[in-house]
1. Select from region 272-294 the residues that are open to solvent by 10 Å² or more (accessible area, probe 1.4 Å) and β-branched (Val, Ile, Thr) and write down the one among them that is nearest to TYR331 (Cα to Cα).
2. For region 181-196, enumerate the residues that are touching a helix residue (DSSP H, G or I) at 6+ places or on another chain (Cβ under 8 Å) and part of a strand (DSSP E or B).
3. Report, ordered by the first and then the second residue, all pairs with beta carbons closer than 9 Å, sequence separation of six or more or different chains, a first member in region 239-268 that is closer than 30 Å to GLU209 by Cα, and a second member that is open to solvent by 50 Å² or more (accessible area, probe 1.4 Å) and aromatic (Phe, Trp, Tyr).
4. Given the conditions (1) part of a helix (DSSP H, G or I); (2) out of contact with any strand residue (DSSP E or B) (no Cβ under 6 Å at 6 or more places or on another chain); (3) without any contact (Cβ under 8 Å) to a residue 60 or more places away in the chain, which single one is not true for GLN199?
5. What number of residues within region 83-107 satisfy the criterion of being under 16 Å from SER168 (Cβ atoms) and either in a loop (DSSP other than H, G, I, E, B) or aliphatic (A, V, I, L, M) (or both)?
6. Would you call ASP280 touching a residue at least 40 places away in the same chain (Cβ under 8 Å) and touching a helix residue (DSSP H, G or I) at 6+ places or on another chain (Cβ under 7 Å)?
7. Looking at (1) open to solvent by less than 30 Å² (accessible area, probe 1.4 Å); (2) touching a helix residue (DSSP H, G or I) at 6+ places or on another chain (Cβ under 6 Å), find the lone condition where ASP246 falls short.
8. Can you report the number of residues in region 108-137 which are farther than 24 Å from PHE47 by Cβ and in a loop (DSSP other than H, G, I, E, B)?
Amino acid sequence: MTQGNTVSTAIADGSGTGSDTVPEVLSAPLRVRFDYTRSVGTTIGTFLGKLRNHTIVGVRGTDGRVLVPPPEYDPVTSAPLTEFVDVAATGTVESWTWVGEPLPGQPFDRPFAWALIRLDGADTALLHAVDVAAPEDIHTGLRVTARWAETTTGTIHDIVCFDPGETSDSTGAVDDSAEPVTMLTTPVDLSYKHTASPQETVYLRGLAEGKLVGARTDPKGKVYFPPRGANPTDGRPTDDFIELSDHGTVTTFCIVNVPFLGQRITPPYVAAYVLLDGADIPVLHLVLGCDANEVRMGMRVKAVWKPREEWGYGLENVDHFRPTGEPDADYETYSHHL
């Protein structure tokens, strides 16, 4: 690939004919899923452990109020809070909103209400679901009771929801385990549709053809890779597209030594910012093909493309970068791009 070639109209508009028609922007459904795992600390650990035993606790603030769920620090004075207080599993709806079309992952697959519920003995409200059939069945001041899960695990889901009334038909068994809750794993699942900007569309169509396309506002402007819809310094559109070389220079990097869930490569390996020849913004990618401790600032690298049949509309078409064996670039050539 030749550095600095202006991208043809055929690539820019996606037509392959060289016409001057406005390009149709690309869009695609995206889904992000992962398990978020964290330590909960003493305060939340106590709250969750009590839920496992069909008990709800708050913590007493410096002003005497009972706060539910319990914060670690006082919201007024920031002092640490340690006095736990049992509150009732019954309470009063203070405000609510109706969910006519539940989303995946919500408490029910039928209409229900979210409500702020002030439990008896508490001075603040807890957000949870109320199982009612219609908006007419819920109102501010409604008395509700917690419905417990059949099997409790030490999460907020130990309360399935709240039911109208002073009693509940819940018959779930109590887990009287003395082990405190220390870790919490929360599944995260986000689905959305991403619509690319016209400039990003040119970049993505270029990748589908094995081209690395950057953009600038004018022939003297900085070249951004990936292209941005507008120059961040003056707001002008970056419509001057440039096909960049797939050679570049490592500016900064880190060696990944810690394994994590979903990791594709066995540590140690290198994630580096690579400044493509002709670009003014480095891009983050993998550097493989050598020992991790051999990677250095200024190292010259080249893109290693996946097989053509595996290409799509994404930078993952480039599997990684590998050293070229060329002499390292002078520091001054990339010092302003760190």
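1. Result: ILE281.
2. Residue satisfying the conditions is LEU184 alone.
3. Short answer, once both residue conditions are applied: ASP246/TRP305; VAL250/TYR273; THR251/TYR273; THR252/TYR273; PHE253/TYR273; GLY262/PHE34.
4. Result: GLN199 passes all but (2).
5. Adding up the residues that qualify gives 5.
6. Answer is yes for this residue.
7. (2)
8. The qualifying residues number 6.
The values are calculated or read from the model by the stated rules, or taken from the named source; none is laboratory data. Fair warning: this is a prediction, and the values are worked out from it, not measured in the lab. A quick note on method: Cβ atoms are made from the backbone with ideal geometry, for glycine too, and the neighbour counts reach across all protein chains shown. When the accessible area is computed, the model is the full protein with side chains, heavy atoms only, and any ligands, DNA or RNA have been set aside. Shrake-Rupley method; radii C 1.70, N 1.55, O 1.52, S 1.80 Å.
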